[in-house]
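Below is one structure; the comments refer to it alone.
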């Protein structure tokens, strides 16, 4: 009997010890969770309160460029469209108001990479002698809570204060993308749209130009009348432009070019094919490679070797088309979706 009683007491003791142990473990775990929670919240608060200690950001310093539309080689149609879109609001603002014509608020400049969209904007700013604020997601974006929105406000305020001006956003589709599931992006887009709408309300002489290689990724809220009023395509260079580009990139070595070099023939050799299209950047690379090939021949020769069509043929083998036919089809399809935004 005593033995049974002893076992029963021992069993109760073990159950109690087990219960106390579990309670202790729960208490420890709860404390660790609580401490972790407070540590996380402490740093979240710090991040939210983090002051932005930085020199005046480069995108807040306006560019004053001496470039004009004369510095754009070729691209006759695109140049004409951009000039027409900017001329009225930047040169004839008061006259437009007299006729109750609302100025253009925004322009979307789109097309494949390497075709000079940023160069177009710089030349436009110089042509109309206005301040240019060139920004991108990397210069506006911040890891700190609310700082991206703050930078957007600063950008628009600076541009308004120093108008007439152009705000150009490079890689706009990354700053203003379609819904991504991020909690940050809606705040950024909302801030940008509010400031953009404010330009029209205040009748400010500031125009926003969105630059993008992938316009179909832009948030739908930005591509609508009253915000973006003109869609301008910067395509791969056409035949006339390619010939002019070859002449331009070889202009400093004309004394060193063989008489068999035909710029018109080079324009034909870089025509679009099933392999794709050549960008302006690719044309520049072909010229650079041809010069290098002639230079290498000169190093291994007694006499100076002139740049010939043979050197260009080698360069064409080394520098293939850099824009796919599929991407051009996609650009044309997107362009047709917004055909009414194009100039007649």
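The values are calculated or read from the model by the stated rules, or taken from the named source; none is laboratory data. The structure presented is a predicted model; accordingly, all values stated were derived computationally and were not measured. Cβ: placed from backbone, ideal geometry, glycine included. Neighbour counts: every protein chain shown.
Residue 71 fulfils the conditions (1) more than 20 Å from residue 228 (Cβ to Cβ); (2) touching a strand residue (DSSP E or B) at 6+ places or on another chain (Cβ under 6 Å); (3) modelled with pLDDT of 90 or more except for a single criterion, (2). Residues in segment 127-150 that are farther than 17 Å from residue 218 by Cβ and in contact with a strand residue (DSSP E or B) (Cβ under 8 Å, 6 or more places away or on another chain): 130, 131, 132, 133, 134. Screening 271, 265, 259, 333 for residues that are without any contact (Cβ under 8 Å) to a residue 12 or more places away in the chain, surrounded by fewer than 18 Cβ atoms within 10 Å (Cβ to Cβ), closer than 18 Å to residue 243 by Cα and out of contact with any helix residue (DSSP H, G or I) (no Cβ under 6 Å at 6 or more places or on another chain) leaves exactly one candidate, 259.
Taking the conditions (1) outside any loop (DSSP other than H, G, I, E, B); (2) within 30 Å of residue 327 (Cβ to Cβ); (3) in contact with a strand residue (DSSP E or B) (Cβ under 9 Å, 6 or more places away or on another chain) in turn, residue 253 satisfies each one other than (2).
Residues of segment 74-83 that are exposed (fewer than 14 other Cβ atoms within 10 Å of the Cβ) and touching a residue at least 12 places away in the same chain (Cβ under 8 Å): 76 alone.
Within segment 168-193, being modelled with pLDDT of 90 or more and touching a strand residue (DSSP E or B) at 6+ places or on another chain (Cβ under 9 Å) holds for 168, 169, 170, 171, 172, 173, 174, 175, 176, 177, 189, 192.
For segment 275-308, which residues satisfy the criterion of being assigned to a helix (DSSP H, G or I) and touching a helix residue (DSSP H, G or I) at 6+ places or on another chain (Cβ under 7 Å)?
The answer is 280, 283, 284, 286, 287, 289, 290, 291, 293, 294.
With respect to the conditions (1) under 15 Å from the mean Cα position of the chain (by Cα); (2) within 30 Å of residue 93 (Cβ to Cβ), residue 213 falls short on a single one, namely (2). Against the criterion of being under 29 Å from residue 339 (Cβ atoms), touching a helix residue (DSSP H, G or I) at 6+ places or on another chain (Cβ under 6 Å) and buried (at least 17 other Cβ atoms within 10 Å of the Cβ), residue 103 qualifies.
Listed by position, the helices (runs of 4 or more DSSP H) contained in segment 59-147 that have at least 3 residues being farther than 26 Å from residue 173 by Cβ are 76-91, 93-98.
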